[in-house]
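Worksheet for the structure shown next.
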Amino acid sequence: MLDPCLHSCQVIDFGKQSVITKDTVQIDIDALVYFRITDARAAVYRVQNLPDAVEFLTQATLRDIVAQMTLDDTFSSREQINAILLSKVQRDAERWGVTITRVEVFSITPDSALPSMYTRDCHNYELISFRRLCTHCYGEADPG
């Protein structure tokens, strides 16, 4: 007879996580973790609270992965993020008698201040370009 605790898949939705990208943009990421207990003894004796341990391990690993990527990379590399996250979390969770079967990043949302930040950056870029143009046309004279 099969033990349902050993063969049923568990799912953790750990909600939005605030993460900072390599280019210092704060984003919120939602993800799911699917896992199966493969060694009940290890799941009970090697970790105090298995669901929390899996959740915290996944969160920390996700933050580490995204911190090495730019904002644009996070949007274009969701499958890559999932694959790296699965590989790292799977390896670390095995000692708890758990097999991570799947991780899924399903939402990446930039911080609400991002549009104003882009506007400010564009304005600064235009100002720098204008100053370079003036320097080129008028020498060192101030155009103002």
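The values are calculated or read from the model by the stated rules, or taken from the named source; none is laboratory data. Treat the numbers as computed from the prediction; the structure is a model and nothing was measured. For neighbour counting, all protein chains shown are included, and Cβ atoms are generated from backbone atoms with ideal geometry for every residue, glycine included.
Quick one: is residue 107 touching a residue at least 60 places away in the same chain (Cβ under 8 Å), more than 12 Å from residue 34 (Cα to Cα), small (Gly, Ala, Ser) and surrounded by fewer than 20 Cβ atoms within 10 Å (Cβ to Cβ)?
For residue 107, the condition - touching a residue at least 60 places away in the same chain (Cβ under 8 Å), more than 12 Å from residue 34 (Cα to Cα), small (Gly, Ala, Ser) and surrounded by fewer than 20 Cβ atoms within 10 Å (Cβ to Cβ) - is met.
List every residue pair whose Cβ atoms lie under 9 Å apart, where the two residues are 6 or more positions apart in sequence or sit on different chains, the first residue falls within region 85-99 and is surrounded by fewer than 19 Cβ atoms within 10 Å (Cβ to Cβ), and the second residue, located anywhere, is small (Gly, Ala, Ser) and assigned to a helix (DSSP H, G or I).
Pairs that qualify, where the first residue is surrounded by fewer than 19 Cβ atoms within 10 Å (Cβ to Cβ) and the partner is small (Gly, Ala, Ser) and assigned to a helix (DSSP H, G or I), are 94/42; 95/42; 99/93.
Taking the conditions exactly as written (within 19 Å of residue 109 (Cβ to Cβ), in contact with a strand residue (DSSP E or B) (Cβ under 8 Å, 6 or more places away or on another chain) and assigned by TED's automatic domain parsing to the domain that holds residue 96), does residue 59 satisfy them or not? Write out each step before concluding.
Working: within 19 Å of residue 109 (Cβ to Cβ): yes; in contact with a strand residue (DSSP E or B) (Cβ under 8 Å, 6 or more places away or on another chain): yes; assigned by TED's automatic domain parsing to the domain that holds residue 96: yes.
Considered against the rule, which asks whether it is within 19 Å of residue 109 (Cβ to Cβ), in contact with a strand residue (DSSP E or B) (Cβ under 8 Å, 6 or more places away or on another chain) and assigned by TED's automatic domain parsing to the domain that holds residue 96, residue 59 comes out as yes.
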